[in-house]
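Worksheet: the structure to be examined is printed underneath.
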Amino acid sequence: GLPAIDYLINKDSAEVVLANLQDNEQRIAYLEDLVHSLEESITNVNDEWQNGSFLQSFKGDQSTGTDVGSATGLLVNAMDQHFQRYLRDGKVAIPAGIRSAGVPRPTTVESFYGAYSRDLLQLALDSYQQLMRGEGIDGVNGSSLYSYLEAIDQDDLVEAFESAFRMANQQIELLPNDFAQQIASDEQPLIDVFVALQEIVTLIKSDMASVIGITITNQDNDGD
């Protein structure tokens, strides 16, 4: 996947990478296979969301409401799980030692060789904010979790989300793009980011889930 592509493309200088690709057919073939595999996965997911059977099921009469198995229930549970496991922990907590027995693991950062970990974290967080706002790829906001919260008189919760996103963004902007280097010298700035991200986790899994009436079926060991 992407870590393998990061290694193949970014481990050495551009001159060395190009020389390796030109002199090693197997390396080229492997890189092409990785790209094609990712392209196929992305295309399949996109097709299912555009007009596939998954979209029809997601929007079907059996998926209304907020019960377990409803579209909204599935969405919020997926957000809760992905935000914790892959954004907060995978991009920040595990490399910084928070989720790795207190031992920093700088080699586990995203884009270890390319050294643009902050950019990827920022894009991931922005995607969550866009999802909450119902912002489409055209930049226009449609029906959203925010609009639903406002409809049930939870404007304060919407502002709490926006405030938490702002705080997390401010903490992320203080980081260098090379997380591995930052962790090697001082992991505290990433711990500060973790704390800011944890506030968003609480808003998703406790506050929002509670007021909408969604059961969080994803199990974790947060203790929150």
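The values are calculated or read from the model by the stated rules, or taken from the named source; none is laboratory data. Since the model is a prediction, treat every value here as computed from it, not as a measurement. All Cβ positions, even for glycine, are placed from backbone atoms using ideal geometry, and neighbour counts span all protein chains on display. SASA here: full protein model, heavy atoms, side chains in, ligands and nucleic acids out. Shrake-Rupley method; radii C 1.70, N 1.55, O 1.52, S 1.80 Å.
Could you tell me whether R118 is out of contact with any Lys or Arg (no Cβ under 9 Å at 6 or more places or on another chain), crowded, with 19+ Cβ neighbours inside 10 Å and not aliphatic (A, V, I, L, M)? Yes: the conditions hold for R118. Only a single criterion out of (1) surrounded by 14 or more Cβ atoms within 10 Å (Cβ to Cβ); (2) out of contact with any Phe, Trp or Tyr (no Cβ under 7 Å at 6 or more places or on another chain) is not satisfied by V45, namely (1).
What do you reckon, is L87 at pLDDT below 95 and out of contact with any Gly (no Cβ under 8 Å at 6 or more places or on another chain)? When the stated conditions are applied, L87 does not pass them.
In the set (1) surrounded by fewer than 15 Cβ atoms within 10 Å (Cβ to Cβ); (2) hydrophobic (A, V, I, L, M, F, W, C); (3) in contact with a Leu (Cβ under 8 Å, 6 or more places away or on another chain), the condition left unmet by V35 is number (3). State whether one or more residues within the range 146-168 are polar (S, T, N, Q) and surrounded by fewer than 12 Cβ atoms within 10 Å (Cβ to Cβ). No, the range 146-168 contains no residue that is polar (S, T, N, Q) and surrounded by fewer than 12 Cβ atoms within 10 Å (Cβ to Cβ).
One residue alone among Q22, Q62 is closer than 30 Å to F161 by Cα, among the polar types (S, T, N, Q) and open to solvent by 100 Å² or more (accessible area, probe 1.4 Å), and that residue is Q62.
Evaluate the following for D207: is it open to solvent by 40 Å² or more (accessible area, probe 1.4 Å), touching a residue at least 24 places away in the same chain (Cβ under 8 Å), charged (D, E, K, R) and closer than 22 Å to T66 by Cα? It is true that D207 is open to solvent by 40 Å² or more (accessible area, probe 1.4 Å), touching a residue at least 24 places away in the same chain (Cβ under 8 Å), charged (D, E, K, R) and closer than 22 Å to T66 by Cα. For the range 65-83, taking the residues that are under 19 Å from the mean Cα position of the chain (by Cα) and among the polar types (S, T, N, Q), the one that is most open to solvent (accessible area, probe 1.4 Å) is identified as Q81.
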